[in-house]
Amino acid sequence: MFQSSAPAKVILFGEHAAVYGYPAVAAPVSSVRALAEAHSTPGTGLQIELTDLQMMFRAGPHEADNPLGKLAALLLQHFGQKPPDLTIRMRSEIPIASGMGSGAAISTALGKVLLAALDIPYTLEELNELVFEVEKFYHGTPSGIDNTVIVYEQPIFFVKDHPIEKLNIARPFRLLIGDTGDKSLTKDVVDHVRKQYESDPSGIKMIFEEIGGISAQARQHIESGSTDSLGPLMIRNHELLQKLGTSSKKLDRCVEAAVGAGALGAKLSGAGRGGNMIVLANEANEDDVKTALLRAGAVKIIDTEIKPSALLD
Ligand code: PMV
């Protein structure tokens, strides 16, 4: 039996602008994961079961019209392998359609377990490219930020089509992730931003440029350990995302409630129009902030620590 897993992720700064080549900052959420288990099942071919969704896929040229079958087919083709007699069971702790990278994490966990079962050596770069292919197939024009942060399980400074840049976290810091409970499809929100961009290229470009500048400043603060300075940057980044039309009433309420309860900063995270928001609180006010978030309508709060990862060291 082989096992693997992959983390959820949060985008700290720069979502949407990232699609247009501006920098963004993202980190894995290692405590919330997609998990895969592969069992040898002679005579079955390759079967993939999503246990919590009660779905089953097969991998093969005609069955690659679902994300998992697609990833398996691409991977087998890339490494010149035939479908093995294997049953892979997948489950995920990551909320779906909530900006936490559930799709990329499931693909990554599947890729890892299949490669382990086939005993094929691979680089994270190869795996990242395969997962990105699946992301492109299902999400239109993704920047590649989700698959990169999840495959490398590493806080990153991300610029589309550029080599991965690892963030040096000078001082680990905690974030709260508030789930609005509202589902939202990344592709729809990315399409909305594209329409805005097409109707007012210069106005939207100015917003993207400011967001890109915020990501660059955030990197400096993270790498110098002046974490508190991230708060105002988060608040401004959220205002710019509101201007792009990617927030929602509940996201705005949660951000306002967190800041009103003493948080240093808060913003939506990921595609927006639902999904998650993140909060930079401190020990003294964290409980008040959590209470305020729940009152504002958050259905779940996850605590996470942004810290260096051992994977690339
Ligand atoms: O998948 P989500 O909801 O975390 O959104 C990804 C971030 C976007 O910038 C909105 C899209 C992208 O591909 O970068």
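One table, with the values for the structure above:
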{"read-out": "Computed magnitude of the charge dipole of the chain (debye, nearest 20; Cβ of K, R +1, Cβ of D, E -1)", "value": "460 debye"}
{"read-out": "Local electrostatic count, Ile278, Cβ distance below 12 Å [Lys/Arg +1, Asp/Glu -1]", "value": "0"}
{"read-out": "Convex hull volume of segment 60-130 per residue (C-alpha atoms, cubic angstrom)", "value": "96 Å³"}
{"read-out": "Angle in degrees between helix 186-199 and the longest Cα principal axis of the chain, rounded to the nearest 10", "value": "50 degrees"}
{"read-out": "Signed unit charges on C-beta, dipole axis of the chain, positive-most listed residue Asn66, Phe2, Ile120", "value": "Asn66"}
{"read-out": "Principal-axis tilt of helix 249-260 within the chain, Cα atoms, nearest 10 degrees", "value": "60 degrees"}
{"read-out": "Degrees separating the helix 124-139 axis from the principal Cα axis of the chain, which is the longest one", "value": "80 degrees"}
{"read-out": "Theoretical gain in end-to-end length, Asp191 to Lys307 [0.36 nm per residue, Cα-Cα removed]", "value": "38.5 nm"}
{"read-out": "Mean Cα-pair separation over length for the chain, i.e. relative contact order, pairs under 8 Å, 6 or more apart, %", "value": "23 percent"}
{"read-out": "Table column - 3J(HN,Hα) (Hz), segment 66-79, Karplus curve with 6.51, -1.76, 1.60, x for Gly and Pro", "value": "9, x, 6, x, 5, 4, 4, 5, 4, 5, 5, 5, 4, 9"}
{"read-out": "Where labels lie 7 Å past Cα in the beta-carbon direction, separation of Thr87 and Lys166 in nm", "value": "3.9 nm"}
{"read-out": "Calculated P(r) tail over 31 Å for the chain, as whole % of Cα pairs", "value": "29 percent"}
{"read-out": "Under 5 Å, built H, 5+ apart or other chain: amide partners of Asp182", "value": "Gly275"}
{"read-out": "Protection-proxy order for peptides 277-288, 159-170, 215-226, each taking the mean of Cβ atoms within 10 Å per residue, highest first", "value": "277-288, 215-226, 159-170"}
{"read-out": "Inter-centroid distance (Cα atoms) of segment 172-204 relative to segment 113-141, Å", "value": "25 Å"}
{"read-out": "For segment 219-298, size of Cβ-based charge dipole, Lys and Arg +1, Asp and Glu -1, in debye", "value": "500 debye"}
{"read-out": "Estimated [θ] at 222 nm from DSSP helical runs (n ≥ 4, -39500 (n - 2.57)) normalised by residues in the chain, nearest 500", "value": "-13000 deg cm²/dmol"}
{"read-out": "FRET efficiency estimate (nearest 0.05) - Cβ-Cβ, Arg174 to Phe137, R0 35 angstrom", "value": "0.50"}
{"read-out": "Violating pairs (Cα-Cα greater than 29 angstrom) within the set Lys112/Lys205; Lys136/Lys290; Lys136/Lys243; Lys9/Lys195", "value": "Lys112/Lys205; Lys136/Lys290"}
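Rule-based calculations on the coordinates, nothing more; no lab input. From a predicted model like this one, the values you see are computed outputs, not experimental measurements. Neighbour counts run over all protein chains shown; Cβ positions are idealised from the backbone, glycine included.
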